[in-house]
Amino acid sequence: MYEIIKNIIINISIIIPTYNAEKTIIQTLKGLENQTNKDFEVIVIDDGSTDSSFELVKSYKTKSRFPIKLIKQKNSGPAKARNLGVEQSEGNIILFLDSDCIPYINWVEEMVRPLDGKIVGSNCGYIVQNKESLIARYIGYEIAKRHEKLVGKYIDTIGTYSAGFTKRVFIEAGGFDINYRKASGEDFDLAFNIKKIGYELVFTDKTFVYHYHPDSLRKYLKQQFYRGYWRVRMYLRNKDKIVKGDSYTGYEAQIQFILSCFALLSILMIFFYPIITFFGLGILVISNIPLGLWTFRKERKFIIIAPLLATMRSLAGTFGVGMYFVEKVFK
């Protein structure tokens, strides 16, 4: 299902896992057409799509300006898809790009620039592509707030929507854990492993990607539910992060989880001591006011919207955590 590129020395391999991405995958590929660094191959791993994603890429590769390997696997999740891409890659530098991201013109050049030996991994920020959606804009603001503190610093987390690694260290760290069936924690897990063996990761603000986000509350809360679910595995494998936190979220995840548990327990008291319920939910909302104040600088109405959406996000993630343990108990 893939082609071997002969007589061409490839230094960079761009790996794009895709699943039912017919609406965005061609935009992603077109974003690579006019890159300032053109020394790369592209490997698209179709993770058992049931839409026309595979056929669209197959058609596009016949007229592409850069070599494309197209591989189809049984639906197994993005972690396994990315590992398969690395196995089939020719380059000594690996760039991961999601199929709902469109790279800026200097993306390849700036993502590989920091990789100098000791620094073996890079990450960058993004601009929300579907800005017409209030939910998508909120997600963008929330993540931009976190990215703001990463610029110019060594980091211990990397989001694989747009990430670079030296192939040698990626393999040394064991690649992605394929037991993560959803895109929720396998990238942080890998980053933690890389840091443990003594290498550095950085966040660059010299480039970015345009990123599509969930455009409805239902999609967003479903995403957060599964992130909570799979983050349990991540923290159980990296227990030190429960206490120390990480560069991306700090202690926010732990604090939000504790407050969400208290809020959910307080709901049980609504018919007996409703004041406890209002207090529990109120504390959770108040804890997200700093996010509202930050987003106020971007869009004034989010001073109210952001804390409410962040509260729902935390509750959805906590339900996901609970589901993980329930399944383990009754499995």
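The values are calculated or read from the model by the stated rules, or taken from the named source; none is laboratory data. Keep in mind that what you see is a predicted model, and the values were worked out from it rather than measured. Because the Cβ atoms are built from the backbone with ideal geometry, glycine has one as well, and the counts that use them run over all protein chains shown.
When residues in the stretch 225-259 are screened for being under 16 Å from residue 182 (Cβ atoms) and small (Gly, Ala, Ser), 1 of them pass. Counting the residues of the stretch 55-88 that are without any contact (Cβ under 8 Å) to a residue 24 or more places away in the chain and buried (at least 17 other Cβ atoms within 10 Å of the Cβ) gives 1. Out of the residues in the stretch 203-239 meeting the condition of being part of a loop (DSSP other than H, G, I, E, B) and either charged (D, E, K, R) or under 16 Å from the mean Cα position of the chain (by Cα) (or both), tell me which one is nearest to residue 101 (Cα to Cα). Only one residue tops the list, namely 212. Residues that are of a type in the set (Phe, Trp, Tyr), modelled with pLDDT of 95 or more and out of contact with any Leu (no Cβ under 9 Å at 6 or more places or on another chain) are absent from the stretch 48-58 altogether.
Just so you know, in the stretch 167-180 the residues that are surrounded by fewer than 16 Cβ atoms within 10 Å (Cβ to Cβ) and not aliphatic (A, V, I, L, M) include one that is modelled with the lowest pLDDT, and it is 179.
The sole residue among 296, 262, 302, 257 that is of a type in the set (Phe, Trp, Tyr) and crowded, with 19+ Cβ neighbours inside 10 Å is 302. For residues in the stretch 184-202 being aromatic (Phe, Trp, Tyr) and assigned to a helix (DSSP H, G or I), which is surrounded by the most Cβ atoms within 10 Å (Cβ to Cβ)? Residue satisfying both the conditions and the ranking: 188.
Only one of the listed residues (152, 175, 140) is in a loop (DSSP other than H, G, I, E, B), closer than 30 Å to residue 324 by Cα and not β-branched (Val, Ile, Thr). That residue is 175.
Scanning the stretch 115-129 for residues that are crowded, with 18+ Cβ neighbours inside 10 Å and assigned to a loop (DSSP other than H, G, I, E, B) gives 115, 129.
Note on the stretch 58-114: residues that are closer than 24 Å to residue 212 by Cα, among the hydrophobic types (A, V, I, L, M, F, W, C) and in a strand (DSSP E or B) total 9.
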